[in-house]
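In what follows, a single structure is set out as structure tokens and then discussed.
We did not get these values from a lab; they are worked out from the coordinates using the rules stated. In this text, all values refer to a predicted model and were calculated from it rather than measured experimentally. Reconstructed Cβ throughout: ideal geometry from the backbone, glycine too, with neighbour counts over all protein chains shown.
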Amino acid sequence: MSAPVTLFPSPFPKSCFQEAKAIQTKYNELYARISQDEEYLSGLVQEVASGDEFIAELWKIHLRVKEEGYVQNLALGLFRSDYMVHQDGDNLQIKQVEFNTIASSFGGLSAQTSLLHQHLARVEYPLLKDPVPRSSVNLPANNSAEGLAAGLAAAFRAYGKSALGNQTCVLFLTQDGERNIFDQRHLEYAVQSSSDPDHPIPVFRLPFSQILTHTTLAPSSPGRQLLYHPPHNPALTFEVAVAYLRAGYGPSDYPSPAAWEARHQLERSAAIKCPTILTQLAGMKKVQQVLATPEAVSSTPSALRRFVAAGDEAGYAALWRTFTNIYPLDTTAAGQAARRLATDAQACLRYVVKPQREGGGNNFYRAAIPKQLGATPEEHWGSYILMELITPPPVVNTILRNGKLEHGGVICELGVYGTCLWDQGTGALLHNEESGYLLRTKGDQSEEGGVAAGFGCMDSCRLV
């Protein structure tokens, strides 16, 4: 079954589109720096861990590996920063919904959706009852698959030749019963075609649940190289240069202690991780909240100052402009004020409450907030954040879903991909690029927007 898709590219303000793409490398650098600040992340983890066992378990693995000693300083991020257009009168601004640091999906299908709409604009739209001239449809190029593949290829090259004489590879770690395989395949093929045609980068897929079955650490080697033994030919041995996680972002990927031990093996290995545990934790909603909490309601300056280079006022201002108001739900003064908003029957209608989770379907909105919080032990409220809802301009489109057409008002969410390779020890950025975009669209009566979670659909931008 194909992914749901719009029949037409949705109108999107050109100025907002350009702003989101232009700032992506700043966001890449910001989250690379956050992932290097273990002390800062530790404090945030402690704030949410009592109400979020998943976050606590990830942190335990980091501490175990830290005690033993990491053997790989390089870290790779295939990021996606998600935005909606906020309409305030005649003023249109992009406001960040979230920043994804693990399993940022749909780079493959997004590029294909852009190609689909370009084809329809060239061949089909001029033939409609109300023809749409090709010259009137401004469709930006979208290199998301190639851009993300370039990040993986950069990490593969940075790993270098195997000290043990093994052939190196990239390993995609996926979920059991993976539903998003076609998106991943486009990225896999782009990685292979990004290298010498006569010597393509070996790329393999392995379910996250089979890490301990088909990978081992090199015996008697202090380098802890991660060795992969393909199930179709276990006699072969590949050394994993890059481990790309398209799984491992939620509790359902860890149904047993063995799954956590698999993540520990991965983290302590020499493979370049995309992401490391510290980078995954940098994507907590708590991090987004402390970056964006207005200084007027906090007793301390914005955390953003900590991570933006001294003197880079333009970069600081550009990042700050994309923030919407986000508040803690802890016991601080700001958290107590947010709790009053969240539990008020009228005030809550302007907000969404989010946990630290990646993936769609985990948030609760508007009138549902007081009831959901009431069913949650109050000592766990601090593991959630309260975010002011963004008000997008009205858009109309037609969605093709499961063979049926849905026509009506829609809401669009722009995601901009970024790839970043850095040294956790020195802070040096070895690769930092904006890498294409994703547009997801949902009916204007739907709160969630995750395509894989069954809420949204694939779309592309018609710049206006």
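Based on the mean of other beta carbon atoms within 10 Å per residue, what is the order of 104-114, 148-158, 391-401, most packed first?
So the order, starting with the most tightly packed, is 104-114, 148-158, 391-401.
Could you bin all the Cα-Cα distances of the range 1-154 into 5 Å bins starting at 0 and give me the percent of pairs in each, rounded to whole numbers?
The calculated distribution, bin by bin, is 1, 7, 11, 15, 16, 14, 12, 9, 6, 4, 3, 2, 1, 0.
Going by the alpha-carbon gyration tensor, a ≥ b ≥ c the square roots of its eigenvalues, is the range 310-442 rounded (a/c under 1.5) or, if a/c is not under 1.5, prolate (a/b greater than b/c) versus oblate?
Judged from the Cα gyration tensor, the range 310-442 comes out oblate (a/c at least 1.5, b/c at or above a/b).
How far is the Cα center of the range 1-36 from the Cα center of the range 101-149, in Å?
A separation of 15 Å, based on Cα centres.
Size of the dipole of the range 169-308 about the Cα centre, Lys and Arg at +1 and Asp and Glu at -1 on the beta carbon, nothing else charged, in debye to 20?
Using only the charged Cβ atoms, the result is roughly 500 debye.
To the nearest 20 debye, what charge dipole does the chain have about its Cα centre, counting +1 at the Cβ of each Lys and Arg and -1 at the Cβ of each Asp and Glu?
560
Under the rule a/c < 1.5 gives rounded, and otherwise a/b versus b/c splits prolate from oblate, where does the range 368-464 land using the Cα gyration tensor?
Cα axes put the range 368-464 in the oblate bin.
Could you please state, rounded to a whole Å, how far the C-alpha centre of the range 314-331 is from the C-alpha centre of the range 246-283?
So the two Cα centres are separated by 28 Å.
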